[in-house]
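Engineer: Next up is a structure, given as structure tokens.
The values are calculated or read from the model by the stated rules, or taken from the named source; none is laboratory data. A quick note: this is a predicted structure, and the numbers were derived from the prediction, not measured. Cβ: placed from backbone, ideal geometry, glycine included. Neighbour counts: every protein chain shown. Please note that ligands, DNA and RNA were not included when accessible areas were found on the heavy atoms of the full protein model with its side chains. Shrake-Rupley method; radii C 1.70, N 1.55, O 1.52, S 1.80 Å.
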Amino acid sequence: MHYADNVDYPRLLSRPSVYGPGLGLLFGVLLYAQAGATSLGQALAGLFGLAEGSPLAANLIVALIVTAVVAVNVAVVMRLSLKHQVYVVWVELALLVLLFFYSFDLSFEFIRRKIGFLLTQGLVTTLYVSAISIVIASVLAMIGAVAKLSSNGIALGIANFYTSLFRGLPLLMQIYMIYLGLPQLGYVINAVPAGILALSLCYGAYMTEIFRAGIESIPKGQWEASRALGLKPRDTLTRIILPQAMRIIIPPTGNQFIAMLKDSSLVSVVGVWELMYLARTQGQTEFRHVEMMITASLIYWILSIVLELIQARIERRFNKAHVR
């Protein structure tokens with residue numbers, strides 16, 4: 001979108017050389033995967049009165065129906081504007097995911113009884129742990145990036161060791177080492193602070209490299225011009241360099257935030273009552289693991305969508321100067 005070509009080309013899926021073979025490939029894959037044996041395939045085959053003893057006919061019918069539906073759908077969607085194409089594809093894929101979840105024969109009555117506790121206890125704890133970890137990780141990343149760009153050997157050595165250690169160890173191991181290791185030194189730490197500390201240190205190390213790369217992407221002439229104008233190094237960094245570097249820093253940092261939100265489920269191993277912990281324990285009480293796992297998955301997905309929207313809004317703000 002930012003580099004729109006002025007030359008009009010026929011859309012890829014509108015070309016017969018792509019559209020026809022694509023549908024043929026889909027038909028072949030469905031036939032090879034024996035789509036008629038799936039629950040959806042059996043339901044479609046039942047509508048046509050096919051007996052269970054004719055699997056080949058069921059596979060052919062199901063493959064033909066699905067291919068025809070996809071062909072019509074693509075033809076209709078391609079007539080829409082780009083914005084509406086994205087909306088329609090999103091809705092269709094979301095419905096397919098929900099249909100996949102629905103095929104698990106879920107007990108919605110059980111979900112209705114547990115959803116309140118998941119939201120008021122598990123979701124609140126997950127947001128609490130994630131939000132504090134994001135703030136601390138951002139501060140650590142900024143300090144680490146400045147240290148890596150400095151000419152101070154001690155600061156550079158500490159920053160290099162920090163990023164090497166915490167990027168080199170699995171997050172789960174870091175949680176255990178902090179929660180079980182600090183008491184060996186005489187510092188007894190609760191599960192929630194241990195989880196927050198582990199998430200902050202781990203993602204702060206990753207984000208240090210993101211911040212460093214973003215700052216280094218700004219041409220050296222910007223530093224020199226700022227210094228020539230009499231700005232102090234701190235003012236140069238905060239008022240000249242960082243506002244420009246944020247355009248580079250925001251996209252990967254947003255990815256790190258989303259990854260941290262999902263990785264916050266790892267703190268459940270030390271007994272934090274966050275979303276995943278409660279989904280697992282509540283499901284065990286009545287052997288309804290799938291219901292709780294799917295509910296927790298949908299909550300994580302919704303939270304990720306919210307973070308994506310926030311990230312997109314921040315990106316637009318820092319990209320204003322580069323949009324024609």
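Engineer: Got at least one residue in the range 180-190 being in contact with a helix residue (DSSP H, G or I) (Cβ under 7 Å, 6 or more places away or on another chain) and either at pLDDT 90 or above or over 24 Å from Glu274 (Cα atoms) (or both)?
Structural biologist: So far as the range 180-190 goes, no, none of its residues is in contact with a helix residue (DSSP H, G or I) (Cβ under 7 Å, 6 or more places away or on another chain) and either at pLDDT 90 or above or over 24 Å from Glu274 (Cα atoms) (or both).
Engineer: If Val66 satisfies all but one of (1) in contact with a helix residue (DSSP H, G or I) (Cβ under 8 Å, 6 or more places away or on another chain); (2) open to solvent by 50 Å² or more (accessible area, probe 1.4 Å); (3) over 30 Å from Met276 (Cβ atoms), what's the number of the condition it fails?
Structural biologist: (2)
Engineer: Within the range 85-171, considering only helices (runs of 4 or more DSSP H) that don't extend past its boundaries, which have at least 3 residues that are of a type in the set (S, T, N, Q)?
Structural biologist: Per the criteria, 124-149, 153-168.
Engineer: Cβ contacts < 8 Å: first residue under 16 Å from Val70 (Cα atoms), restricted to the range 82-99; second residue modelled with pLDDT under 90 and surrounded by 10 or more Cβ atoms within 10 Å (Cβ to Cβ), any location; separation 6+ or different chain. Result?
Structural biologist: Within 8 Å, the pairs are Gln85/Val77; Gln85/Met78; Val88/Val77; Val88/Leu80; Val89/Val77; Glu92/Asn73.
Engineer: Still on this structure, please answer the following. Output the residues belonging to the range 223-238 that are out of contact with any Ser or Thr (no Cβ under 8 Å at 6 or more places or on another chain) and in a helix (DSSP H, G or I).
Structural biologist: Glu224, Ala225, Ala228, Pro233, Arg234, Leu237, Thr238
Engineer: Quick check, is Tyr187 open to solvent by 70 Å² or more (accessible area, probe 1.4 Å) and part of a loop (DSSP other than H, G, I, E, B)?
Structural biologist: In short, yes.
A quick yes/no check of all residues on (1) open to solvent by 60 Å² or more (accessible area, probe 1.4 Å); (2) β-branched (Val, Ile, Thr):
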{"site": "Ala45", "(1), (2)": "no, no"}
{"site": "Val62", "(1), (2)": "no, yes"}
{"site": "Asn73", "(1), (2)": "no, no"}
{"site": "Val77", "(1), (2)": "no, yes"}
{"site": "Val97", "(1), (2)": "no, yes"}
{"site": "Ser107", "(1), (2)": "no, no"}
{"site": "Phe110", "(1), (2)": "no, no"}
{"site": "Val124", "(1), (2)": "yes, yes"}
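Engineer: Sort through Ile196, Ile154 and tell me the only one that's at pLDDT 90 or above and either more than 27 Å from Glu274 (Cα to Cα) or open to solvent by 40 Å² or more (accessible area, probe 1.4 Å) (or both). Outline the logic, then answer.
Structural biologist: Working: Ile196 fails: either more than 27 Å from Glu274 (Cα to Cα) or open to solvent by 40 Å² or more (accessible area, probe 1.4 Å) (or both).
Every option except Ile154 fails the conditions.
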